[in-house]
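J.: Sending over a structure as structure tokens; questions will come in a sec.
Every number here is computed from the coordinates shown, using simple stated rules; none is lab data. Here the structure is a predicted model, which is why all the values come from computation and not from measurement. Here the Cβ positions follow ideal geometry from the backbone for every residue, glycine too, while neighbour counts run over all protein chains shown.
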Amino acid sequence: MKFSTVTIVSSLVLGSSLFAQAQQSETQVFAETTGVTEFSGRLTIRPLQIDALMEQGYTRSEAVAIHENAGSRLVQWQKEYFSDTDEYIVNIPEQFNENTLSAYLMGTGDYQYAEPDWICYPTELEPNDPGFGSQWQHSKMKSTKAWDYGVGNGTFISTTVDTGVDLDHPDLEDALISGYNSKTRQTQANGGQVNDINGHGTMTIGCVGAIGNNGNNVVGMAWDIKLMPVRCTNNSNGSASLGDLTHGAKWASDNGARSVSVSYSGGTSSSVETAGSHMRNEGTLLSWSAGNGGNKVTGSNHTHVIVVSASNQSDNVTSWSTYGNWVDVAAPGESVRTTTNGGGAGNVSGTSFSAPIVNGVLSMMMLTNPSSSADQIEQMLFDNCVDIESAGEDIYSGNGRPNFFKCMRAASEAEYGVTNTIAMTGPKVGVAGQNVTYDWTGAPASSSWKFYYALTPYGSTIGGQHFNIGMPPKLVGSGNNNASGVGSFTKKLPAVSAGMRVYVEVSASSGGQTFDSNMIVLDIN
């Protein structure tokens, strides 16, 4: 240290005066929340940086002296020092607590911040619905982590075409909006009946969007969306014509639903693909249950319909689930707990419940990223599935079983780019201090490129064009794409601790306007 002992002692004498003032002030700045952020008995402290002090009017030599004195003041309590960020972790002495020590230090004017070194917990959002613990589909699909990205916005519309809905169910009533009876071709507003004539419809729609965190029964994949019931039959046994099913699905899409599921047989029909294509042109995704016959389907493989088989708690496709190359994904469908007619909840099995679970995942992805097309959302779903077939042609589960958390993360991160037309390749896991290389294709010929990165802890999110995180991303390279729009860049990873996430983006621009970009999320181990 460059300071004399006298200088350091004088600062401590001044500190004792400030300590007395801090003790007299009962103003509480920091408060702990049990199970979320709790006091550890330590503070994280950063002295004002030399540049910041000079901006206040100090000469450089004065700024250096103040900065070093601020560090010297902390030595008596120091537990750890991080030289890369000039931060101190200090143990709080007996005469202080988190608030009084912070007040004392900040009162000197020498520190940028003095905050608790919080004890933090995983940010997995768990609802208070009493039946949540019995809904194994949520633990299997990582729903609590997915809900950190959002639980709904109260406006997104999802639909099941089914036997109707229990209009008074406490887990559904407040989410319901006016629907349609596709058998009679009447809207609910004009007398079309949508009350559940069989019980099946209340079960399927609850898988999508049973209201979360309301202290009732169970929770759907989405906590807070609008549910538009479409009743396709007036038969108590639930039977419906294919025309009434596809008409109901198309009506829902025509009237604002962006994700629709049908939990009936008949999915192999060409008319189902036609309905799916019509809906896809409107920006709507159609999911259809594969069936429960245990049979293999050949000669049918729809382009615009997501066909869903059923998986069990062991992440195996059930023996009774219809399979074949037409299956796109598998989802929980054996003994899943959902809403039931009469206001209750129960366990049910069938691909009938797998399809609306996928519907719910898609609904959450679409409302998280409204700027992506239906095709893009579908591809994100497929890209973020768990492969649950150890061998073979994936004829039982298609792309696999969706990981809800990864689907939501993908949907959230897809907003970062401008158009995401660049195909970017490179590692997704790395080690601090080691080189990584990223290559890209698809950039406009002869455009300029810029390469950025930003850091956050695992599980945290950033959003918006160019890492809109309250601070500019770090520009780590720039250049020009060649005539084919191809580029490459190698960069040493920042020397940060394991458990950090690097958001790496390359963007192409011309005339100062960014028009193509893409991003890779790199986890540092």
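J.: Which ³J(HN,Hα) values in Hz, rounded to whole numbers, follow from the phi angles of segment 275-290 under the Karplus curve 6.51 cos²θ - 1.76 cosθ + 1.60, where θ = phi - 60° and Gly and Pro get x?
T.: 4, x, 5, 4, 5, 4, 5, 9, x, 10, 9, 10, 10, 9, 6, 6
J.: Whose amide H sits under 5 Å from the amide H of residue 225, counting only residues 5 or more places off or on another chain, with H placed in the peptide plane?
T.: Result for residue 225 returns 154.
J.: So, one more: Hey, which of these cross-link pairs are over 20 Å Cα-Cα: 406/428; 140/428; 406/492; 450/492? Intermediate values should be presented prior to the final figure.
T.: Details: 406/428 14 Å; 140/428 23 Å; 406/492 27 Å; 450/492 16 Å.
As for pairs spanning more than 20 Å Cα to Cα, those are 140/428; 406/492.
J.: Amide H neighbours of residue 111 under 5 Å, at least 5 residues apart or on other chains, H built in the peptide plane: list them.
T.: 48
J.: So for 54, 365, fewest C-beta neighbours within 10 Å to most, what's the order?
T.: 54, 365
J.: Now for a different question. Given the C-alpha centroids of segment 323-398 and segment 228-287, what is the distance between them in whole angstrom?
T.: When both Cα centres are located, 16 Å separates them.
J.: Follow-up. Can you sort 236, 271 by how many other beta carbons sit within 10 Å, fewest first?
T.: Numbers: 236 10, 271 13.
Lowest to highest Cβ neighbour count: 236, 271.
J.: Let me ask something else about it. Excluding residues fewer than 8 places away in the same chain, name every one of the aspartates and glutamates whose C-alpha is closer than 13 Å to that of residue 79.
T.: The reachable aspartates and glutamates, counting only those whose Cα sits under 13 Å from residue 79, are 87, 117.
J.: While we're here: Quick one: 407, 207, fewest Cβ neighbours within 10 Å first, how do they rank?
T.: Least crowded to most crowded, the residues run 407, 207.
J.: Among the lysines, which fall within straight-line cross-link reach of residue 296, defined as a Cα-Cα distance under 25 Å, with same-chain neighbours fewer than 8 residues apart omitted?
T.: none
J.: Further question: Under 5 Å between amide H atoms, partner at least 5 residues away or on a different chain: which partners does residue 340 have, H built in plane at 1.01 Å?
T.: The answer is 345, 346.
J.: How much length is gained if the chain between residue 523 and residue 167 is pulled fully straight, taking 0.36 nm per residue apart and subtracting their Cα-Cα distance, in nm to one decimal?
T.: 123.6 nm
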